[in-house]
1. Kindly check whether there is at least one residue in the range 73-89 that is at pLDDT 95 or above and assigned to a helix (DSSP H, G or I).
2. Would it be correct to say that residue 233 is in the same structural domain as residue 108 (by TED's automatic domain parsing), away from ligand 1 (no atom under 16 Å from the Cβ), of a type in the set (Ser, Thr, Tyr) and within 28 Å of residue 116 (Cα to Cα)?
3. Name the residues in the range 110-121 that are buried (at least 17 other Cβ atoms within 10 Å of the Cβ), within 19 Å of residue 209 (Cβ to Cβ) and away from ligand 2 (no atom under 16 Å from the Cβ), would you?
4. Does residue 105 qualify as being modelled with pLDDT of 95 or more, closer than 22 Å to residue 302 by Cβ and within 16 Å of ligand 1 (Cβ to nearest atom)?
5. Between 144, 130, 125, which is among the hydroxyl-bearing types (Ser, Thr, Tyr) and within 16 Å of ligand 1 (Cβ to nearest atom)?
6. In the range 195-227, how many are among the aliphatic types (A, V, I, L, M), in contact (Cβ under 8 Å) with a residue 40 or more places away in the chain and either more than 19 Å from residue 246 (Cβ to Cβ) or within 16 Å of ligand 2 (Cβ to nearest atom) (or both)?
7. Check whether at least one residue in the range 279-297 is hydrophobic (A, V, I, L, M, F, W, C), touching an Asp or Glu at 6+ places or on another chain (Cβ under 6 Å), touching a residue at least 24 places away in the same chain (Cβ under 8 Å) and more than 20 Å from residue 312 (Cα to Cα), and report yes or no.
8. Of these, 92, 53, which one is modelled with pLDDT of 95 or more and closer than 19 Å to residue 195 by Cβ?
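The values are calculated or read from the model by the stated rules, or taken from the named source; none is laboratory data. Remember, it's a predicted structure, so these values are computed and weren't measured experimentally. Here Cβ is always computed from backbone atoms with ideal geometry, including for glycine, and neighbour counts include all displayed protein chains.
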Amino acid sequence: MGKLSMKLCNFPLSKFREIFIINKMNIKPCNRLRNKALRVFFLMGAGLALFGQNIPKSLSMEKLIMQSYRPLVVAHRGFRSIAPENTLLAAQKGFDAGADMWELDVAASSDGVLVVLHDNTLSRTTDAKTRFPSRSPWTVYDFTLAELKSLDAGSWYAQTDPFMQIAVGRVKTSELASFKDIKIPTLREALELTKRLGWRVNIEIKDATGFACDAWIVERTAELIKELDMVPSVLISSFNHDYLKRMKKAIPEIAVAALIDKPLSDPIQILRDIGAVALNPNEKYLDGATVKALRSAGFGVLPWTVNDASRMKTLLNWGATGLITDFPDKALELVNKSF
Ligand code: G3P
Ligand code: MG
């Protein structure tokens, strides 16, 4: 028997139920014939799923998080260990690696356009310091879209080798030339790429408290998602939980996750207040009991940023529903081996 057929035969029925979201179906143990037929049906379906992209593309984000047959792998700021973070290239590399979705960070230009950037300032990931020497501290919110689009958001990667992937030879010197002058994407461009790929995205809305866009960053993000008809493909997260409440007001059916960067005594109550589907905690503050309690209460858990294989294993053993990682390839290898 081939390796794949062995894998399919050893696959427990409960997993097939999860893949096809049939856990509410009443499968009576006494009806052996029907069980057999169902097993064949599930085996065929699982075979297709294993040959293809594993998880049906039609699943809404909420179902994906809660009912996927295996934990999700989220490419943090795209596949940022091997390409400049939060760029379309990093997204494409995450998709090519087989990640279930990518995570990106949203800020806004001074003239009101949503853009994809992690830091409040442009100094780490662009050449803003040399291009606009008098604009210290190079706050992204103070630059127009035209100014942002004039920056080189790729060359810094070659200069700093942030994950030592050039040093170890994984990112080839020949490839580095193509990173030069990569542009900061707008959120529209990032979503259009995601849609074109038939993929999914976790949009993290940066806390813009104190900046003019604080008044509209959530609502404009919601408008764009609706305009592009992408509600089921999007997970919204933010450290600013008021933003999540505003998002639920703008689009009640959208999936949101609360980002947390500290130990919490009662995360479940926070999630209920927001109407969130998941907690996205800093992995270092997570423990097995909290994961168990969240899962029993019906919530997903997507810790970040998990790059170490043994930590990935621990979090998966605790029942994390996904991993947000700079190394989606490593996480995929693990989940595909274990589930
Ligand atoms: O969304 C997960 C993670 O990205 C949150 O932290 O600072 O990397 O945006 P940060
Ligand atoms: Mg983020």
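1. Taking the range 73-89 first, the residues at pLDDT 95 or above are 73-89.
Checking which are assigned to a helix (DSSP H, G or I) leaves us with 88-89.
Checked the range 73-89: at least one residue is at pLDDT 95 or above and assigned to a helix (DSSP H, G or I).
2. Working: in the same structural domain as residue 108 (by TED's automatic domain parsing): yes; away from ligand 1 (no atom under 16 Å from the Cβ): yes; of a type in the set (Ser, Thr, Tyr): yes; within 28 Å of residue 116 (Cα to Cα): yes.
Yes.
3. Result: 110, single match.
4. Values: modelled with pLDDT of 95 or more: yes; closer than 22 Å to residue 302 by Cβ: yes; within 16 Å of ligand 1 (Cβ to nearest atom): yes.
Here the answer is yes, as residue 105 does meet what is asked.
5. Numbers: 144 fails: within 16 Å of ligand 1 (Cβ to nearest atom); 130 fails: within 16 Å of ligand 1 (Cβ to nearest atom).
None of the other options fit; the residue is 125.
6. Quick first cut of the range 195-227, residues among the aliphatic types (A, V, I, L, M) only: 197, 201, 203, 205, 208, 212, 215, 217-218, 222, 224-225.
Restricting the remaining residues to those that are in contact (Cβ under 8 Å) with a residue 40 or more places away in the chain gives 197, 201, 203, 205, 208, 212, 217, 224.
Then drop every residue that is not either more than 19 Å from residue 246 (Cβ to Cβ) or within 16 Å of ligand 2 (Cβ to nearest atom) (or both), which leaves 197, 201, 203, 205, 208, 217.
Matching residues across the range 195-227 total 6.
7. Applying the first criterion (hydrophobic (A, V, I, L, M, F, W, C)) to the range 279-297 yields 279, 286, 289, 291, 293-294, 297.
Checking which are touching an Asp or Glu at 6+ places or on another chain (Cβ under 6 Å) leaves us with none.
Within the range 279-297 (the criterion being hydrophobic (A, V, I, L, M, F, W, C), touching an Asp or Glu at 6+ places or on another chain (Cβ under 6 Å), touching a residue at least 24 places away in the same chain (Cβ under 8 Å) and more than 20 Å from residue 312 (Cα to Cα)), the answer is no, since none of the residues qualifies.
8. On the way: 53 fails: modelled with pLDDT of 95 or more.
Answer to the selection: 92.
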